[in-house]
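The values are calculated or read from the model by the stated rules, or taken from the named source; none is laboratory data. Keep in mind it's a predicted model, so treat the numbers as computed, not measured. Note: ideal-geometry Cβ built from the backbone for every residue, glycine included; neighbour counts use all protein chains shown.
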Amino acid sequence: MLDAFSKAVVSADASTSVVSDLGSLREFVAQGNRRLDAVNAIASNASCMVSDAVAGMICENQGLIQAGGNCYPNRRMAACLRDAEIILRYVTYALLAGDASVLDDRCLNGLKETYAALGVPASSTVRAVQIMKAQAAAHIKDTPSDENAGGKKRIMGAPVVEDRCASLVAEASSYFDRVIAALS
């Protein structure tokens, strides 16, 4: 995994020159606190995000929890929750670094083949990832929904500046899209 600074050094070294792309490094540093706030918003709500995504996936496909379904018995449900948590964790790593290589190398490499070998339905996993993607966007913007969260709604309290959040929402969404593409 290479962060913005490592990429700049590797690129400069490959061309045997000094680091010259200081503009993008300045932008990366300027985004630092917003990036940390976005990662914190996801990480602080990760447990609920994962359980809600898996519950949403199951609500849309009740056969998953029936005998013979991929979330039956309890050990399979636990594996499903574990896998969703791992995917979310690696998305936050990528968002923190501003680089998808850690997500690709350590999470997505071979995931589709592994799930196919285990008989895990890709469409259900994709649906859970889509739900987490929507949740992540809401948490990064600090706009969780009243009707969905009710009394358990957690707002981080960071000032929301829509145009500043838009780039981080788009970046986080692109990482979730990578997961979806890898599974499809």
Assuming Leu103 fulfils every condition listed in (1) part of a helix (DSSP H, G or I); (2) more than 14 Å from Ser174 (Cβ to Cβ); (3) of a type outside the set (Gly, Ala, Ser) apart from one, which condition is it? (2)
Identify all residues within the stretch 18-38 that are without any contact (Cβ under 8 Å) to a residue 60 or more places away in the chain and aliphatic (A, V, I, L, M); write none if there are none. Val18, Val19, Leu22, Leu25, Val29, Ala30
Could you please let me know if Ala67 is free of Cβ contacts under 8 Å to residues at least 12 places away in the same chain, in a helix (DSSP H, G or I) and either among the aromatic types (Phe, Trp, Tyr) or exposed (fewer than 15 other Cβ atoms within 10 Å of the Cβ) (or both)? no
Considering the stretch 134-146 alone, what residues qualify as being touching a helix residue (DSSP H, G or I) at 6+ places or on another chain (Cβ under 6 Å), surrounded by fewer than 23 Cβ atoms within 10 Å (Cβ to Cβ) and outside any loop (DSSP other than H, G, I, E, B)? Ala137
Take the stretch 63-82 and flag every residue that is among the charged types (D, E, K, R) and either modelled with pLDDT under 95 or touching a Gly at 6+ places or on another chain (Cβ under 9 Å) (or both). Arg75, Arg76
Please verify whether Cys107 is in contact with a Phe, Trp or Tyr (Cβ under 6 Å, 6 or more places away or on another chain), over 20 Å from Asn40 (Cα atoms) and of a type outside the set (Asp, Glu), treating the condition exactly as stated. yes
Single match in Ala38, Ala84, Ala43, Ala53 (criterion: on the phi < 0 side of the Ramachandran plot and surrounded by fewer than 19 Cβ atoms within 10 Å (Cβ to Cβ)): Ala43
